[in-house]
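*Asks:* Can you keep this structure in mind? I'll have questions shortly.
What follows is calculated from the coordinates using simple rules that are stated; it is not laboratory data. This is a predicted model, so every value here is computed, not measured. For neighbour counting, all protein chains shown are included, and Cβ atoms are generated from backbone atoms with ideal geometry for every residue, glycine included.
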Amino acid sequence: MAAHRCSYSAVLFILFNLSVFIVVDSHQTTLTNDHHGSVVDNPQTASETVEQTAAQPAVDDRRWEATEVEEEAIPDDASTDTQGTSTPESVVLSSLPKPKDDFQEELVVRPLDSGDIYASFQFRTLWETDFMRGNKVSHYRLFPKSLGQVISKFSVRELHISFTQGYWRTMQWGQPFLPAPPGAELWVWFQDTVTDVDATWKELTNVLSGIFCASLNFIDSTNTVQPSASFKPLGIGNVTDHQFLRYATLPREIVCTENLTPWKKLLPCGSKAGLAVLLKSEKLFHSSFLSQAVHIRPVCQDQQCKTTSWELRQTLNVVFDLHTSGQSKREWSLFKMFSRTLTEACPLASSSKIHIDITDNPEGEQFELSPATPLLSQAVVLGDRRTFSVYDLTQQTTFGAVRSLNLLIRWKSSEGHMLRPLLHAERYVAGYGLQTGEIHTLMYNNHPFRSFPVLLLDSVPWYLRLYIHTLTVTSKGKDNKPSYIHYQPSKDRLRPHLLEMLVQLPPNSVTEITVQFERALLKWTEYTPDPNHGFYVGSSVISSLVPSTVAMDTNSTREQPLFSSFFPCKEESSFFVRVYTEPLLVNLPTPDFSMPYNVICLTCTVVAVGYGSLYNLLTRSFQIEEPSPGLAKRLANIIRKMRGVPLL
Amino acid sequence: MATTEVERRRGQLAALSIAAVVIIIGVPLWWRTTETYRAWLPVSQITELAKLQLQLSADVEVVFARGTVTPEQQKKVPLTQTRDEERAVDEDTSLRYRYETKYRTATIMEEDALNQPTAAEADLSLHMLSESPCGSLVVYVIPETSLLLPEDVNVYIGQRRTALLRIGTQMRVGKTLEQLQAHLEPRINQVLQVMSFSHADITAALSDRVRFSPGNKEGIADSMRAFKSSPGYEITFSLLNPDPKSHRLHWDIEGAVQMYIQPLLAKLSPVANFSIDSQTLNYAMLGVNPRFDNSRGAYILNADSLAHVINPVEARLGSNAASSNPVLNFLLYVPDAHHSPLHIHDHKKQEVPSNAFHSPRWGGIMVYNVNGFYGTEAEFPADININMSKVMGVFLAQLRLLLGVQSSSPPPGFLVAPCGSTGIADWELDRLMWSRSVENVATATTTITSLAQLLDQIGNIVINDNIAEQVSSAVSSLQLAVAELEAGNLGFALQYSKEAILASEKAFFDPSLLHLLYFPDDQKFAIYIPLFLPMCVPILLSLLKIGSEARQKRREKQAKKD
């Protein structure tokens, strides 16, 4: 019997050994796996080469051949002459029809009170055409073909896409001309002829991801929302049915040269001439903030809106830190910042201008601008009347005798007074542990006596489960009931939370919005490659009509600088502002990723012990064993045996 | 020891029954739940398709005009005659050409039409009388005295599907019918070779299935020039202006496309869908610096360097974002003022008269010099209007070549009517459709057979119902296409072959095929080992033990018997 037990434990032991060995073996199979993979791969590649045999020699044999044009190949020579439509030969024409497209470029430089320099490039292409009509043939001149094809294929009404590196510090820098959240942001209004908006959106994001070399293909239903009020069309058209709107952000997107190059390629002059020569990536990405964007929308050509046209606005905003550039003296020049100077305007541009904001420097006591320009212009921008020195690059005199323009700003005094922005916001996560937490959003109204409403949009991924009943809005210590709440709960792995609120901000106050959440457990394949870095939650978007101190210009078709004409202005007393908060970085409970192998060992043991003993009980034959004699008795017996005496 | 014996028996029975439960319930359960889903595929039909036997049938009508046959002969003329021609291409592919020839005499209306003053008018009025279906041909045999054709021309090939054949001088009235037929047959064959499918075209179209012997390289180069058959093409015209500071170029591409390209594409619409766009690229430079030739006073671009010309330009051309059809690029390059004029030289150092080149399966490029249109002291930027009829003539010729519209030189004595405003004659379209149908069939069969082979070899691949559906529809379309080719219905054959190619590509490139293809083995081990090892080892051991005990018992019994 004892032997039996012994054999049983031996079996168990072997079993353990075997299982451990096999587990080790399975580790090894991971190493050899790619061999398997390649073996498996072979039939397919073989069959694919069969598929493509004809294509491959074509590449090798690609030959250039002279085109022989036979007389008959030009069938219409005779007929065109009779029709009289063709011009006899290329001629230099004195009068030409006004082209249907127009290109403008503009650079605004604003010295910021924090000592930084804000440079904003805007390139605008206007094209008088009608994408809404379903005509197939499209002929592009200044408008980039790739974007035109996207618009017409996907029936896009408006498209806004931005790539941003860094966070715009509203408290230090004031309002930007064009706000953008960190990472990538994409919002699109589709035409109402689109039947399956979600499928079109998916396809569109994939195509855009190819055009801009960005990970926009990661936009899916889990990070797409349909805001009901925050993102209204900026162009003409009164479609307000938000089922044709899609909004998504990728706060984690890293913006770099590979996004800038395709963006520059969309410009009619590329980076060969005009202001775009300044856009050298090694300098641009050495900055505190960089945001590049593409906005496409239909706009009116005139006041009555008889003719419409498409507007493509390419913008690039960059903030340079003067202190990190090394020199202790505060001096800024085009060459120092962009390592290039300007020699010409883009020949295709109808206007090419540089604006320098000299509002804070009316008598030249703060900084000195060289070369000096007699041209001054005033523009109302973001509720403020600003004065600009203007350099017109289409005039040869701008470049002077050296035929190159290198703007230089030399500061005389470092003091500056900061005009506090009327609206700004911040956000953070509170709480401890990995189970629950709380999102705090703070909105500041710095207007001394006016209160104004703001629209807050929050899109939170599903793995932060918001407890909407814990939502509190307090300003000045009192409960501030939002006048409008649109909340769409999340669905796990399907869609994010969407929270939109209209909140009235009392004058000179801080409004705090808190909501608690619980962190969900993800499946182990859903974690990012660096799960301990944390998960990003996109910025909140705060849109508002802020009371203006000066009368705003409501005529959107009047000639005005590009930077002040982006957001349409409906009334004189207020101006539109959009503020993005910081994105959040939230830690989720992260498992130990070597876990599967531990699980294998553990289950193996549990199954072996549980099932093994059951099996043993069922199959073992039992017999009554005589109780074994005590130790003393056994010893006595041994002695007796040796002595040859009968046992006890 | 009876009780222990009973206990032992019970233990053995328990072990056996557990083993039985595992084998009867556990194994099938495991098998069923871990099975990869593989929908049924029409494998036998696919293997049938692997051996492709194509028969192309063309209807030919030979119409004798008055004065070519005597009434007695007319009675004896056979109504129809079928001629088969069998060609084996390789062990898996064989071709058979069938020409079904019908003989009849001309009707009175046709006689009237044939009495028109010129061949072109006769051709038109014959076309008005009756429209012959796609893929068929009508040959009118006209008497030797007919004034329709010039002296040295024996055969006139019209813009549609008709040909006029002048009967030879030696075939005066009074010869026997056999002599007449013997005289006509080789000439009708010649006409067929020009106007209908030729063996060279069809074998070129089969290049997907059949590997060429290296001997006929010239033929390959010819067949490689044209784009592969595709359900759609994107045509892009690009105006390259490397110097927008001195040249402000204007081209009426919209009107030119309407006038020159659209008629051709409308005619080609049964073959494929086309979409056209155009763009202007500024500051687009060529990849090579042209050399200045003092003797000619011009810049020269050699044929050898042309391969490098387009590379930097191509990066800016941009791929079509909205579709995955092949793109035909046509570039019009206007050299900058400092590098004008620019001429392209061919391999023999001769100036190319059209100043244009084309690259197989890519597109064409034309250099358009504008320096002659302004004086040396002209004020820059100069506004230049581009003569589109000159440009489009070149591009149209290139487009025909790239789309595979063959313009093989006709044999002596043939007069080919210049193609009309559409840029392509009906019979040229037929030839294209013949070769495109065959090419589609060849490509689709290759795709389907290689997919079937692949699925057969790798058991890990999941075959979903939609893939099986695509495969079945591809197979049935292929069968229909082959049948329609056999019946001579060219239009339907092309239609079905296009459907077949679409369905087969869709099935072949379906991403769901890849889902479980690389299911890692370590994960499989991780799932199975904890389950199988602790369970199977005791069962196996006890089974072994029972087996050995039984053997021992038998041996004991044997010993007892002995």
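*Asks:* Going by C-beta contacts inside 10 Å, put A:C604, A:C269, A:C256 in order with the fewest on the left.
*Replies:* Fewest to most other Cβ atoms nearby, the residues stand as A:C256, A:C604, A:C269.
*Asks:* Then there's this: Can you compute the radius of gyration and Dmax for the stretch B:14-75, using only the Cα atoms, both in Å?
*Replies:* My reading of the Cα-based Rg and Dmax gives 34.4, 105 Å.
*Asks:* Quick one: which residues, 5+ away or cross-chain, put their amide H under 5 Å from the amide H of A:T549? H built at 1.01 Å from N.
*Replies:* Amide H neighbours of A:T549, under 5 Å, 5+ apart: none.
*Asks:* Just to confirm the number: angle between the C-alpha axis of helix B:465-487 and the first principal axis of chain B, 0 to 90 degrees, nearest 10?
*Replies:* Once rounded, one gets 40 degrees.
*Asks:* Relative to the longest principal axis of the C-alpha atoms of chain B, give the angle of the C-alpha long axis of helix B:119-129, reported between 0 and 90° and rounded to the nearest 10°.
*Replies:* Long axis of B:119-129 versus the principal axis of chain B: about 50 degrees.
*Asks:* Further, regarding this structure: With an 8 Å Cα cut-off and a minimum separation of 6 or more residues, compute the relative contact order for the stretch A:276-383 in percent.
*Replies:* Computed over the stretch A:276-383, the figure is 23 percent.
*Asks:* Loop only per DSSP, at most 10 neighbouring Cβ atoms within 10 Å: give me the GluC sites (Glu not before Pro) in the stretch B:11-64, ordered by residue number.
*Replies:* Loop-located and lightly packed - B:E35.
*Asks:* Using only the alpha-carbon atoms, how far is helix B:521-561 inclined from the longest principal axis of chain B? Give it as 0 to 90 degrees, nearest 10.
*Replies:* With rounding to tens, the tilt is 40 degrees.
*Asks:* Could you derive backbone 3J(HN,Hα) for the stretch B:226-243 from the dihedral phi with the Karplus parameters 6.51, -1.76 and 1.60 (θ = phi - 60°), listing whole Hz in sequence and x where the residue is Gly or Pro?
*Replies:* 6, 5, 6, 4, 8, x, x, 9, 10, 10, 10, 9, 10, 9, 9, 10, x, 9
*Asks:* State the percent of C-alpha pairs, over all pairs in the stretch A:423-586, separated by a distance greater than 21 angstrom. Working shown, then result.
*Replies:* Values: 7102 of 13366 pairs.
Roughly 53 percent, once rounded to a whole number.
*Asks:* Find out how many positive minus negative residues lie around B:L41, taking Lys and Arg as positive, Asp and Glu as negative, among other residues whose Cβ is under 14 Å from that of B:L41. Working shown, then result.
*Replies:* Numbers: positive: B:R38; negative: B:E48, B:D456, B:D465, B:E469, B:D510.
So the surrounding residues net to -4.
*Asks:* Another one. Explain nothing, just compute: Karplus ³J(HN,Hα) = 6.51 cos²θ - 1.76 cosθ + 1.60, θ = phi - 60°, for every residue of the stretch A:207-216 in order, whole Hz, x for Gly and Pro.
*Replies:* 5, 5, 5, x, 5, 9, 6, 10, 8, 5
*Asks:* Would you please give the residues with an amide H less than 5 Å from that of B:V62, counting only those at least 5 places away or on a separate chain, with H modeled from the backbone geometry?
*Replies:* B:K102, B:Y103, B:R104, B:V139
*Asks:* When the Cα centres of the stretch B:471-515 and the stretch A:171-196 are compared, how far apart do they sit, in Å?
*Replies:* Centre-to-centre (Cα) distance: 45 Å.
*Asks:* I've got another one for you. I need B:K545, B:K557 ordered by Cβ neighbour count within 10 Å, fewest first.
*Replies:* Neighbour counts put them in this order, fewest first: B:K557, B:K545.
*Asks:* Next question. So what's the back-of-envelope 222 nm ellipticity for chain B, counting only DSSP H runs of four-plus at -39500 (n - 2.57) apiece and dividing by all residues, rounded to 500?
*Replies:* After summing the helix terms and dividing by residue count, I get -14000 deg cm²/dmol.
*Asks:* Now for a separate question. Looking only at Cα atoms, what is the convex hull volume of the stretch A:318-465 per residue, in Å³?
*Replies:* Numbers: hull volume 35.9 nm³, N = 148.
Dividing the Cα hull volume of the stretch A:318-465 by its residue count gives 242 Å³.
*Asks:* Classify chain B: rounded, prolate or oblate, from the alpha-carbon gyration tensor (a ≥ b ≥ c, eigenvalue square roots; a/c under 1.5 rounded; otherwise prolate if a/b is larger than b/c)?
*Replies:* Note, shape of chain B comes out oblate.
*Asks:* Arrange the following residues from fewest to most other Cβ atoms within 10 Å of their Cβ: B:I529, B:I344.
*Replies:* Lowest to highest Cβ neighbour count: B:I529, B:I344.
*Asks:* For the stretch B:328-410, what is the relative contact order in percent, using Cα pairs closer than 8 Å and at least 6 residues apart in sequence?
*Replies:* It rounds to 31 percent for the stretch B:328-410.
*Asks:* Loop only per DSSP, at most 12 neighbouring Cβ atoms within 10 Å: give me the chymotrypsin sites (Phe, Trp or Tyr not before Pro) in the stretch B:448-520, ordered by residue number.
*Replies:* B:F509
*Asks:* Return a whole-number percent for the relative contact order of chain B, with Cα pairs under 8 Å and 6 or more residues apart as the contact set. Before the final figure, lay out the partial values.
*Replies:* Numbers: 822 pairs, mean separation 99.8, N = 562.
Here the relative contact order equals 18 percent.
*Asks:* Which chymotrypsin sites (Phe, Trp or Tyr not before Pro) in the stretch A:572-615 pass both tests, a DSSP loop state and at most 10 other beta-carbon atoms within 10 Å? Numbers along the way, then the final one.
*Replies:* Working: sites: A:F575, A:F576, A:Y580, A:F593, A:Y597, A:Y611, A:Y615; in loops: A:F593.
For chymotrypsin sites (Phe, Trp or Tyr not before Pro) across the stretch A:572-615 that sit outside H, G, I, E and B with at most 10 neighbouring Cβ atoms in 10 Å, the list reads A:F593.
*Asks:* A follow-up question, please. Using each residue's phi in the stretch A:475-488, evaluate 6.51 cos²θ - 1.76 cosθ + 1.60 at θ = phi - 60° and report the 3J(HN,Hα) Karplus result to the nearest Hz, with x for Gly and Pro.
*Replies:* The phi angles translate into 10, 6, x, 10, 5, 10, 7, x, 7, 8, 10, 10, 10, 10 Hz.
*Asks:* Taking H placed 1.01 Å from N in the peptide plane, check which residues at least 5 places from B:V405 or on another chain put their amide H under 5 Å from its amide H.
*Replies:* Amide H neighbours of B:V405, under 5 Å, 5+ apart: none.
*Asks:* If you don't mind, there's one more thing I want to ask. Mean projection of the alpha-carbon convex hull of the stretch B:229-403 over all orientations, in nm²?
*Replies:* 10.3 nm²
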